[in-house]
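Colleague: Dumping the structure here so I can ask a few things about it.
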Amino acid sequence: MKVIVATLNAKYIHTSLALRWLYIANKDRLDIRFREYTIKEDPEKITSDLLAAGCDVICLSVYIWNVGRVGEIIRRLKQQNPRLLFILGGPEVTYEPEHFLREWAVDYVISGEGEFVLGDLIASLERGETELPPGVSSHDRISTTVCRADITRLAQLPSPYQLEEDREELKNRLVYVETSRGCPYQCQYCLSSREQGVRYFPLDYVLDNLKYLIEAGARQIKFLDRTFNLNKEHTRAIFDFLIAHWREGLSCQFEIYADLLTDEMIDYLNDRLPANYFRFEIGIQSTYEPTNQAVKRKQDFPLLAHNIRRLMAGGKIVLHLDLIAGLPHETFERFTQSFNEVFALGAKEVQLGFLKMLRGTHLRRDADRYGYHYAEQAPYEITGNDAISAEELHRIHEAEHALERYWNSGRFATTMHRLFATHWAGRYFQFFDELGQYAAQHHLPHRGYLLEDLFRNLHHFLLSKEIDLYDALRTDYYSHFTQRPRGYWLQTIDKRERKKLLYTIGQDKEFLRKHHLTRRIIEKQTALDPLTPQEYLLTIFPAEGEKTAKREVVYFFSPA
Ligand code: SF4
């Protein structure tokens, strides 16, 4: 049987480690190839490509981000070749195989880690056996086993990180690495809570692969470990290795449980780490203890906050903090408090997610207990529960758009710091909420806007509150440009008038001499902004290829 394993990644830069494992574990046993697509590609094109491969069995890895597309592709493939055999795997199908067997009419579903089970299943099909390996469900039998691959055996296979066909593209893609599998925690909304225990790949295996990836030019490595810093020795050994092998342009991302960071580890990171080399993604989700207890999430917020503040003080690590709206018992008001407590920690990025009722999670099973309503289609986002209404969640969505554009984008640093030091001090969520409501009332688009629109909209919003931060917005706007921008976001001065004024300034020899400027610099590299009727701010941009910093000079027109 000719076998293809395929998946649809969310973006082109992502790589599917799962496909590579399936391929590596079975390439000596089966006639197998792997194919990777993205969810943005035309389903017809993907279907044709899979059909052109001339295989008998198509295995698809199904995730929350591709489940809709995979279903569509299977329907198309079945129409065009009814003899094809379909095997599904991946987290989306693992805990409800009967749903996919029924709804998609596929032949088999593998629950859990399928590296070795796939080969066993194909071998038994080739032999015409009716007995299926544990972990495989069919229309005749639903398996309750969730497979776990033997990690030691996986580590003895050729490395999925070192495939010759990936080498060329390593530097352009996000490389996923796993040093362990499983999570010991029980967060009820998360599929990883269904796994028991944590298994580690041998350290020398991990380090050997990291060495290869770094030497081959990888730029972004994302560690898939559910809680990277669970085991101190393991964590420290990998951090030591990465620090010793630091290379300009390389960055590494980790999911960190911040309560587990020790003072010793934080000191070590603050002392030894090159700046911006590591990015820590830290799930906080809620600071409300009854909520955390309801979802069985163990968290010591004061300790976590202390650790994050210490990391922030070190200034070496990019921190990304996660919150979830819609968890049990958390009302709109209590969510506002969670947001403000988390935002106050000052991280560069705060990601506000919305609870999703993933197939197979305990929370989905207990949805009625909390009065949850949620979408039947992936990503199964909730639309309300006993504590929070659909309208309130909608409002949080609008705030989240404002958060993404005005904080997480990093484009408004000066303006945001001014606002949070004054008008919205300590009321961070209220700011994003008010801005989100303003955007909704004025029908401002969520997509397809220009940078200039963002500046103009924020300026108008602030003016509607009688706040004028034009100077901070101007600074933020110019900070995006290394050369004088062609346009501007506000009509402060007529185009012809600007040209005339720059010409006049360019004639002022004394001024030019005093500030080491030339007429050409004034006319070609300088932005002009009125401060008062007589005073103008000149922002002087470096010429193309010049490495000097931008500078500001004030020009005063003496009354005639
Ligand atoms: S949310 Fe994180 S810590 Fe909790 S079970 Fe999932 S992976 Fe583990």
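The values are calculated or read from the model by the stated rules, or taken from the named source; none is laboratory data. The shown structure was predicted, so the numbers you read here are calculated from the model rather than taken from an experiment. Glycine gets a Cβ as well: all are built from the backbone with ideal geometry, and neighbour counts include every protein chain shown. For the accessible areas, the whole protein counts, side chains as well, though only heavy atoms, and no ligand, DNA or RNA atoms are used. Shrake-Rupley method; radii C 1.70, N 1.55, O 1.52, S 1.80 Å.
Colleague: Are any residues in the stretch 380-396 surrounded by fewer than 16 Cβ atoms within 10 Å (Cβ to Cβ) and of a type outside the set (D, E, K, R), and if so, which ones?
Modeller: T383, S389, A390, H394
Colleague: Of the numbered conditions (1) of a type outside the set (S, T, N, Q); (2) open to solvent by 70 Å² or more (accessible area, probe 1.4 Å); (3) within 16 Å of the ligand (Cβ to nearest atom), R167 satisfies every one except a single condition; which is it?
Modeller: Of (1) of a type outside the set (S, T, N, Q); (2) open to solvent by 70 Å² or more (accessible area, probe 1.4 Å); (3) within 16 Å of the ligand (Cβ to nearest atom), only one is false for R167: (3).
Colleague: Right, next: If you check F228 against the conditions, is it in contact (Cβ under 8 Å) with a residue 12 or more places away in the chain, surrounded by 15 or more Cβ atoms within 10 Å (Cβ to Cβ), within 13 Å of the ligand (Cβ to nearest atom) and part of a strand (DSSP E or B)?
Modeller: No: the conditions fail for F228.
Colleague: Take the residues of the stretch 481-511 that are open to solvent by 70 Å² or more (accessible area, probe 1.4 Å) and not in a helix (DSSP H, G or I): which is farthest from T422 (Cα to Cα)?
Modeller: The selected residue is Q507.
Colleague: Turning to a different aspect of this structure: Considering only residues that are open to solvent by less than 20 Å² (accessible area, probe 1.4 Å) and not in a loop (DSSP other than H, G, I, E, B), which ones fall in the stretch 464-473?
Modeller: Result: A472, L473.
Colleague: Please state which of the following conditions A258 fails to meet, knowing it meets all the rest: (1) on the phi < 0 side of the Ramachandran plot; (2) open to solvent by 10 Å² or more (accessible area, probe 1.4 Å); (3) within 16 Å of the ligand (Cβ to nearest atom).
Modeller: Single failed check for A258: (2).
Colleague: Can I ask one more? Across the stretch 263-286, what is the total count of residues that are hydroxyl-bearing (S, T, Y) and either open to solvent by 20 Å² or more (accessible area, probe 1.4 Å) or farther than 27 Å from E330 by Cβ (or both)?
Modeller: Total meeting the criteria: 2.
Colleague: If you scan the stretch 287-309, which residues turn out to be surrounded by 17 or more Cβ atoms within 10 Å (Cβ to Cβ) and within 20 Å of N231 (Cα to Cα)?
Modeller: Within the stretch 287-309, R297, Q299, L304, N307, I308 qualify.
Colleague: For the stretch 541-560, give me the residue count where each residue is under 20 Å from T504 (Cβ atoms), in a loop (DSSP other than H, G, I, E, B) and free of Cβ contacts under 8 Å to residues at least 60 places away in the same chain.
Modeller: Matching residues across the stretch 541-560 total 4.
Colleague: Answer yes if at least one residue in the stretch 192-209 is within 16 Å of the ligand (Cβ to nearest atom), at pLDDT 95 or above, open to solvent by 20 Å² or more (accessible area, probe 1.4 Å) and in contact with a Pro (Cβ under 9 Å, 6 or more places away or on another chain), and no otherwise.
Modeller: Scanning the stretch 192-209 turns up at least one residue that is within 16 Å of the ligand (Cβ to nearest atom), at pLDDT 95 or above, open to solvent by 20 Å² or more (accessible area, probe 1.4 Å) and in contact with a Pro (Cβ under 9 Å, 6 or more places away or on another chain).
Colleague: Continuing with the same structure: Can you name the residue in the stretch 173-191 that is surrounded by fewer than 18 Cβ atoms within 10 Å (Cβ to Cβ) and more than 15 Å from the ligand (Cβ to nearest atom) and, of all such residues, is nearest to I243 (Cα to Cα)?
Modeller: For the stretch 173-191, the residue satisfying everything is L174.
Colleague: Taking the condition of being outside any helix (DSSP H, G or I) and farther than 21 Å from L191 by Cβ, how many residues in the stretch 339-351 meet it?
Modeller: 7
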